[in-house]
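Report on the following structure.
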Amino acid sequence: MLAASSVTLAQPVMAADYTITGSSNTYLRMTRTINKEDLYPLYEYLRFSVTAAEKDGSATSLHVGAWGRVDLFDKSTDHYTDGDLQYGYLSYQAAKNNLLVNAGRQFITEGVATERVDGLYVRSDFAAGITAAAFAGSPVVTTPNYKGGDFIYGGRVAQGKPGLYSVGVSALRDESDKAHDREEEGIDLWVHPVKQVDLTGRSSYNSITGGWMEHAYTLSVAPIDAVTVSADLSRINYEDYFYSVTTTAFALQPGGLLDPREKVTAAGVSAAWTPVKNLTVAAEYKNYGYELLGSADYVGGKVAYTTADALSLGASGHRMDGSSDRTRYYDYRLYALKKTGHTEFGVDFYNVIFDRPIDGVKSSYALTGIAGYEVTEKLKVGGDIEYSQSPDFDKEWRALVKVAYAFDMKCGEKGGKSEK
């Protein structure tokens, strides 16, 4: 259990103002496996940042995040403990041109690159609305038996006008001693010609396989303030998209779970209406077109009522009409969350009714109770407990206890004290 404590720091006279922020999130999960084994894994997530702001507007900072796990009940294997450094890097933000330089373990999202890398990242703005970014380093792989290459590098160049549009092109290469493991290029765009219209999209290409990995585009239109209509279209080619993976969950056959011949196209439309303040009514439809597994239509609606920091109520219902027993069902959801003073509590019920029983189960459901208490502005405790039934579990329960603690402190340039 974590508790708040009083900390006093004395800062020597320096030109910079220092800000220290951090958080600790502790989770105790309790569940029973399909083999009737009780598991009590305890997780700890720590995040820590120190930022020095200079008088000229520039800033230097250090960011660190890590997690650890230990199973409090089952210690029969060598893997009952685990942990990892999620990120740890030094950062410099210049006062001009939006220049940013990061060095260390970091998460990079630039066009086709969505990578965790041990290396260097640089980005800056230039004249005529041009922005450029580049990165290089070693890819971070979490599954030991899947190699992620030895050296990864890439970048993105974009041109745009704030509030109106942005168009970018990007590329990455992931190389090992023997060959190129990945060669990908992509384009991305954002167009906002008027207040009521917003278009975003991306396309990525695999140069090794010679095919398009993904196309994904979304258009949103708000003809009046109370109504928003959205449409989305995407297509994924498994052979190109999952060509190089670092986890068995997305490995292609043979030896993996995914059929490389599969292609899926998803197209949908939705509309949301806010007739009065805090109340939203929405309807949606989406078609999933699998070339091998067949197609499925998902249609339904939902209603939500939310007030600021006090009450959330919602209900939804959908129909999935597919070509297999597992994709022919109705699903329903009801939830309520109420906050009173420093206490919040809620309930969430989700139900799936299959057209035909799956492993003898006609109706699958999950009932979750939620509770939380704000001890102080920085310290919060809470938890939830879930009871469910599904085709995979006859009767299953899960519980989660969580403790969240956040802190921040500032040290001024004259060596003043900051207490927390």
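HIS318 contributes about 20 Å² of solvent-accessible surface, heavy atoms of the protein only, 1.4 Å probe.
For THR307, the shell of other residues with beta-carbons less than 11 Å away shows a net charge of +2, using +1 for Lys and Arg and -1 for Asp and Glu. Residues in the stretch 371-377 carry Karplus couplings, in order, of 8, x, 9, 8, 5, 9, 4 Hz; the curve used is 6.51 cos²θ - 1.76 cosθ + 1.60 with θ = phi - 60°, and Gly or Pro positions show x. Straight-line cross-link partners of LYS55 among the aspartates and glutamates, defined as a Cα under 16 Å from its Cα and at least 8 positions apart when in the same chain: ASP17, GLU413.
Taken about its Cα centre, the chain carries a charge dipole of roughly 1040 debye when the Cβ of each Lys and Arg holds +1 and the Cβ of each Asp and Glu holds -1. Placing dummy labels 7 Å off each Cα toward the beta-carbon, the span from LYS277 to ALA52 is 4.8 nm. Residue pairs exceeding 28 angstrom between C-alpha atoms, taken from LYS161/LYS410; LYS36/LYS286; LYS195/LYS277: LYS161/LYS410; LYS36/LYS286. Ligands, DNA and RNA aside, GLU291 has an accessible area near 110 Å² when probed at 1.4 Å. Accessible surface comparison of ILE224, ILE152, probe 1.4 Å, protein chains only, largest first: the order is ILE224, ILE152.
Within the listed set VAL276, VAL70, VAL403, the residue fluctuating most in the Gaussian network model of the chain (springs between alpha-carbon atoms under 10 angstrom) is VAL276.
Assuming charge only on the beta carbon of Lys and Arg (+1) and of Asp and Glu (-1), the dipole of the stretch 253-353 about its Cα centre is about 240 debye to the nearest 20. Of [x] 1.01; [y] 1.15; [z] 1.11, which is the value of Cα Rg over 2.2 N^0.38 Å derived from the coordinates here? From the options [x] 1.01; [y] 1.15; [z] 1.11, the structure gives [y]. Solvent exposure of MET30, expressed as accessible area, is near 40 Å², computed with a probe of 1.4 Å over the protein chains only. In the full protein context, the chain carries 58 Å² of accessible surface per residue, based on a 1.4 Å probe and ignoring ligands, DNA and RNA. Using a Förster distance of 45 angstrom, determine the FRET efficiency expected from the C-beta separation of ASP325 and SER176, and round it to 0.05. E(calc), rounded to 0.05, equals 0.60.
Coupling constants for the stretch 235-242 follow from the phi torsions by the Karplus curve (6.51 cos²θ - 1.76 cosθ + 1.60, θ = phi - 60°), and in residue order they are 8, 10, 9, 4, 4, 7, 6, 9 Hz; glycine and proline get x.
Other residues lying with their Cβ under 14 Å from the Cβ of TYR350 contribute a combined charge of -2, Lys and Arg counting +1, Asp and Glu -1.
The portion of the accessible surface of the stretch 224-364 made up by carbon and sulfur, rounded to a whole percent, is 59 (1.4 Å probe; DNA, RNA and ligands excluded).
The values are calculated or read from the model by the stated rules, or taken from the named source; none is laboratory data. The structure displayed is predicted, hence computed values, not measured ones. Note: ideal-geometry Cβ built from the backbone for every residue, glycine included; neighbour counts use all protein chains shown. Each accessible area value is taken on the protein alone, full model and side chains, heavy atoms only, with ligands, DNA and RNA left out. Shrake-Rupley method; radii C 1.70, N 1.55, O 1.52, S 1.80 Å.
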